[in-house]
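K.L.:
The structure's right below; bear with me while I get my questions together.
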Amino acid sequence: MLDFEGFPYPFERIQFGENLSSMPKGKPAGESRRWRCLCSYDGTDFAGWQKQPNGLAVQDRIEHALGEIFGQVIRTVGAGRTDAGVHADGQVFHFDGPWQHSCTSMLQAIRSKLPAGISPLEIIPAKPNFHALSSAKGKRYRYRAIRGWAKPRDERFAHSLKNRRIDCEKINQAVGFFIGEHDFTAFSANRGAVEQSSVRKVWKVKLTEKNELIEFVVEGEGFLYKMVRSMVGALLDVGSGKMEPSEIEQILQSCIRTERVVSAPAKGLSLEKVFYRKPRVVE
């Protein structure tokens, strides 16, 4: 726990879920400015990134921590809305707040008030027009699956394939169908919100194997709800012989979500990187 002596504002403990508008108005001296934060989290015990009525989302916990530190309501904007159980190695969010001390001091203060499983990695000043979501040019996701049963230390972060036999050569025959700009309705799920467009551009779908570990890396300009997990789920079905590689193209072109596509479990997926410059080399 940090020693907050000398910080120019009161640190008063509040109960999680308390209305932050009732907090004391004391705040760090100085003008408010925009901050950019790189964050990692284990999504197992959280209700996704986006704020939830039950207060159990990653964003809820971060805003609560910032509210304690600044003595006022602080709102954050994240680059991606990871689902419940999905992890992040490279989530980015921004917020506005006054701070006269070093970035390291702010990072330590936030870390001290967050629960296990959420770890800010870096905080830097940002330009006033930086926006974690709308300034992003693309994202990289990584999905981990393990042949057989995962070891206990890996169980939270990988999908155990158990008795499923996976032919990665067959999967490689199918990954190319996802590359490019397509309507991905057939590989998305409806969360109650109407998307302006279901067309997305995917730059890369890459499969790698190392011993029992099978990894999928997916990069693109943007993704629909459960799109990456649906893509991986279908590719694993190709690898297990449940589906032919050519069926991926047929399903994609149908633009209809059916029971043929089953989303892979959330725990294998991680938001690895948010791009604010488009990668020059696309495989």
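K.L.:
Quick one: which of 252, 271, 235 is touching a residue at least 12 places away in the same chain (Cβ under 8 Å), among the aliphatic types (A, V, I, L, M), outside any strand (DSSP E or B) and under 30 Å from residue 154 (Cα atoms)?
P.N.:
On the way: 252 fails: under 30 Å from residue 154 (Cα atoms); 271 fails: outside any strand (DSSP E or B).
Just one listed residue meets the conditions, 235.
K.L.:
Listed residues 172, 129, 163; which is under 30 Å from residue 109 (Cβ atoms) and over 15 Å from the mean Cα position of the chain (by Cα)?
P.N.:
Checking each option against the conditions leaves just 129.
K.L.:
Shifting gears a bit: Residue 115: in contact with a helix residue (DSSP H, G or I) (Cβ under 7 Å, 6 or more places away or on another chain), in contact (Cβ under 8 Å) with a residue 60 or more places away in the chain, farther than 26 Å from residue 202 by Cβ and not assigned by TED's automatic domain parsing to the domain that holds residue 202, yes or no?
P.N.:
Considered against the rule, which asks whether it is in contact with a helix residue (DSSP H, G or I) (Cβ under 7 Å, 6 or more places away or on another chain), in contact (Cβ under 8 Å) with a residue 60 or more places away in the chain, farther than 26 Å from residue 202 by Cβ and not assigned by TED's automatic domain parsing to the domain that holds residue 202, residue 115 comes out as no.
K.L.:
Continuing with the same structure: I'd like to check something: does the stretch 120-142 contain any residue that is touching a residue at least 12 places away in the same chain (Cβ under 8 Å) and of a type in the set (Asp, Glu)?
P.N.:
Yes; the residues of the stretch 120-142 include at least one that is touching a residue at least 12 places away in the same chain (Cβ under 8 Å) and of a type in the set (Asp, Glu).
K.L.:
On to the next question. Which one of these is surrounded by fewer than 16 Cβ atoms within 10 Å (Cβ to Cβ), of a type outside the set (S, T, N, Q) and farther than 26 Å from residue 224 by Cβ: 66, 107, 121?
P.N.:
121
K.L.:
Here's something else I'd like to know. Working only within the stretch 50-99, note down all residues that are of a type in the set (Ser, Thr, Tyr) and either in contact with an Asp or Glu (Cβ under 7 Å, 6 or more places away or on another chain) or not in a loop (DSSP other than H, G, I, E, B) (or both). Outline the logic, then answer.
P.N.:
Initially, the stretch 50-99 is screened for residues of a type in the set (Ser, Thr, Tyr), giving 76, 82.
Answer for the stretch 50-99, where residues must be of a type in the set (Ser, Thr, Tyr) and either in contact with an Asp or Glu (Cβ under 7 Å, 6 or more places away or on another chain) or not in a loop (DSSP other than H, G, I, E, B) (or both): just 76.
The values are calculated or read from the model by the stated rules, or taken from the named source; none is laboratory data. Computed from a predicted model, the values in this text were never measured in an experiment. FYI the Cβ positions are ideal-geometry reconstructions off the backbone, even for glycines, and counts take in every protein chain you see.
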